[in-house]
Amino acid sequence: MNRRAFLRNAAAASTLPVLAGALYAAPGAPRILVVFLRGAYDAANIVIPTSSDFYYAARPTIAVPKAAALPLDADWSLHPALAQTILPLWQAHEIAFVPFAGTDDLSRSHFETQDTIELGQPVGGTRNYHSGFMSRLAGKLTGDRPIAFTSELPLTFRGGAMVPNLALNSVGKSAIAPHTTGLLEAMYQGESLAPSVSEGFRVQREAYQAISTEMAKANRGAVSAKGFELAAQRIGILMRDKFNLGFVDVGGWDTHINQGGADGYLPNRIGELGRALVALKLALGSGWDDTIVIVVSEFGRTFRENGNRGTDHGHGSVYWVLGGAVRGGRIAGNQTAVTQATLFQNRDWPVLNDYRALIGGIVQKAFGLSADQLAAVFPNAPPADLGLI
């Protein structure tokens, strides 16, 4: 953590709210933490459109069975890996989901779309890589105390005053350890199946290496879901006592192969995310009542599964908004029926809820931003009031 920046924030917190064009983040004012799922998580298998027959037809091997899904309302259900963590938040009206959310960036590139979201600037114009939307937001708050829980300062906090960043450890490993594959190959030594077994593991290793390399690039150094789970208590304590505007990125969501349905790779990662968010709540204590956590991802994934029992880069996603200050227990925002006819370009969920309008509506109400102040944070993006706070 940058000591000089920390002292700057501490000093600013003691000043009076007299600066023109800025708002004072007083004690008791909302805390906002943005959780960025880098790699594009498969939202349709987490907040599941269980009333859609097309969902089951499009995902013959990775769909979460209706009997296993946790009903949220008549149309939507939650992945069973979140039964002990996120479902209780839903029942307590402390989390809302916004499906068909995202950006109008159509590149389907991890890097370009991640940059698009972090910058918060209109798509199609000249990009200013020295002006992230969270930096611009911090600039509108006198006494702001921002922090990035990242190994390097993220793009979203660049361009304004210095912001401290605190690296979190990243972990990740292959689904089958090398010594285990060696033992299995030895068991078949001399058997007719030995060449097939060896070849199968060789192909698996090559596929894992290829997908790991791509996933590592998509993660951009983000902590793993397991790492986030382990660090969530630290994050909660720091957000409770010292900071009111935070950003953390969590990697591991680029599930092109062997994604899993009710069980498997994605369920394991989403289970870790759920436990991390609950640990964050517990660490915040009474501070949870003033906290808003916004979970985003660069884009969704193809609605139909691919030939490798995974999903590819898509468009619309599902954003999460949770916290003690949230009016949850509902599916929010503009929606449409989930059918083949409503797919974007016959492959993805459409984006019906622009992320800039969504986040803009939240921060405007949370901090009482004027229309001019909000326009500086999200240019050319009128806020959408989804009644989330």
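Every number in this text was worked out from the coordinates using simple rules, so none of it is lab data. In this text, all values refer to a predicted model and were calculated from it rather than measured experimentally. With ideal geometry, Cβ positions are generated from the backbone for all residues, glycine too; neighbour counts draw on all protein chains shown.
Only counting other Cβ atoms within 10 Å, I'd like HIS256, HIS315 sorted with the fewest neighbours first. Numbers along the way, then the final one.
Details: HIS256 19, HIS315 26.
In order of increasing Cβ crowding within 10 Å: HIS256, HIS315.
May I ask you to order 343-354, 130-141 by the average number of other C-beta atoms within 10 Å around their residues, highest value first?
Values: 343-354: 18.2, 130-141: 22.5.
Most protected by this proxy first, the peptides run 130-141, 343-354.
Volume per residue of the convex hull around the Cα atoms, evaluated for region 54-123, comes out as 159 Å³. In this structure the amide hydrogen of HIS313, modeled in the peptide plane, comes within under 5 Å of the amide hydrogens of THR302, none closer than 5 places in sequence on its chain. Of interest is the spacing of the C-alpha centroids, which for region 39-82 and region 270-299 amounts to 22 Å.
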